[in-house]
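*Asks:* Quick one: the structure is below, questions incoming.
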Amino acid sequence: MQNNNTQILMFLCCASVAILTDLCAYFALLNFMPYSIAKGISYILAAQVAYFTNKHFTFKRNTPNTGTFRRFLMLYTATFFINVLTNKLALFIIPKFTLVCFLIAAVITMACNFLGQKYFVFGGRKCCQ
């Protein structure tokens, strides 16, 4: 088992790839749809990247487990709303700083996702399996 510092470092690497996916999709979709819809779709794409990268690299869970996936979906459903609402609130407060708003939402969500994945999704809990 990895120590906390190694897990945090691996999570930050995986999260960076997911956030880059989120960012690219978000700004591409903004050309075609409103902020919240674009943010929702980009977050869902990034969540897929986050699941596979964190499962295999950060938390080293390589065997199939439907319980793990269900817990991940529960966590990311909750943090989806946190992300979209934080982005919307930040855009309301500082409307001309779309990238800053995106990053504020990403950092808050990233902290929630790390804790959720470490202790709920991949932490060995037996609920929801």
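*Asks:* For the stretch 54-94, what are the residues that are over 20 Å from ILE37 (Cα atoms), among the aromatic types (Phe, Trp, Tyr) and part of a helix (DSSP H, G or I)?
*Replies:* Within the stretch 54-94, PHE57, PHE69, PHE72 meet the criteria.
*Asks:* To continue, here is another question. Working carefully through the options THR6, THR53, THR63, find the one that is among the polar types (S, T, N, Q), within 25 Å of GLY123 (Cα to Cα) and modelled with pLDDT of 90 or more.
*Replies:* THR53
*Asks:* Inside the stretch 46-100, can you point out the residues that are surrounded by 14 or more Cβ atoms within 10 Å (Cβ to Cβ), under 17 Å from TYR119 (Cβ atoms) and among the basic types (Lys, Arg)?
*Replies:* Hits for the stretch 46-100 are LYS55, ARG61, ARG70, ARG71.
*Asks:* Taking only pairs six or more apart or across chains, which ones have beta-carbon atoms under 6 Å, a first residue in the stretch 16-45 that is under 15 Å from LYS88 (Cα atoms), and a second residue that is small (Gly, Ala, Ser) and in a helix (DSSP H, G or I)?
*Replies:* Hits for this filter: TYR26/ALA38; TYR26/SER42; LEU30/ALA38; SER42/ALA25.
*Asks:* Under the condition of being in contact with a Lys or Arg (Cβ under 8 Å, 6 or more places away or on another chain) and either of a type in the set (D, E, K, R) or exposed (fewer than 15 other Cβ atoms within 10 Å of the Cβ) (or both), which residue from the stretch 2-38 is farthest from ASN87 (Cα to Cα)?
*Replies:* Among residues in the stretch 2-38 that are in contact with a Lys or Arg (Cβ under 8 Å, 6 or more places away or on another chain) and either of a type in the set (D, E, K, R) or exposed (fewer than 15 other Cβ atoms within 10 Å of the Cβ) (or both), the one farthest from ASN87 (Cα to Cα) is GLN2.
*Asks:* Out of all the residues in the stretch 103-129, which are crowded, with 19+ Cβ neighbours inside 10 Å and either touching a Pro at 6+ places or on another chain (Cβ under 8 Å) or modelled with pLDDT under 90 (or both)?
*Replies:* PHE122
*Asks:* Kindly provide the set of residues from the stretch 1-11 that are assigned to a helix (DSSP H, G or I) and either touching a His at 6+ places or on another chain (Cβ under 8 Å) or in contact (Cβ under 8 Å) with a residue 12 or more places away in the chain (or both), ordered by number.
*Replies:* Narrowing the stretch 1-11 to residues assigned to a helix (DSSP H, G or I): 4-11.
Selection gives GLN7, ILE8, MET10, PHE11.
*Asks:* How many of the residues in the stretch 46-57 are free of Cβ contacts under 8 Å to residues at least 60 places away in the same chain and over 12 Å from the mean Cα position of the chain (by Cα)?
*Replies:* Here is the first cut: in the stretch 46-57, the ones free of Cβ contacts under 8 Å to residues at least 60 places away in the same chain are 46-49, 51-53, 56-57.
Still in the running and over 12 Å from the mean Cα position of the chain (by Cα): 56-57.
Going through the stretch 46-57 one residue at a time, the tally reaches 2.
*Asks:* If you don't mind, there's one more thing I want to ask. Would you check which residues across the stretch 95-126 are closer than 25 Å to LEU29 by Cβ and assigned to a loop (DSSP other than H, G, I, E, B) and list them? Can you show your working first?
*Replies:* Our first condition is that a residue be closer than 25 Å to LEU29 by Cβ; within the stretch 95-126, this holds for 95-113.
Correct list: PRO95, LYS96, PHE97.
*Asks:* Quick one: would you say SER42 is of a type outside the set (Asp, Glu), over 16 Å from GLN117 (Cα atoms) and at pLDDT below 90?
*Replies:* No.
The values are calculated or read from the model by the stated rules, or taken from the named source; none is laboratory data. Since the model is a prediction, treat every value here as computed from it, not as a measurement. Note that we place each Cβ from the backbone using ideal geometry, even for glycine, and neighbour counts take in every protein chain shown.
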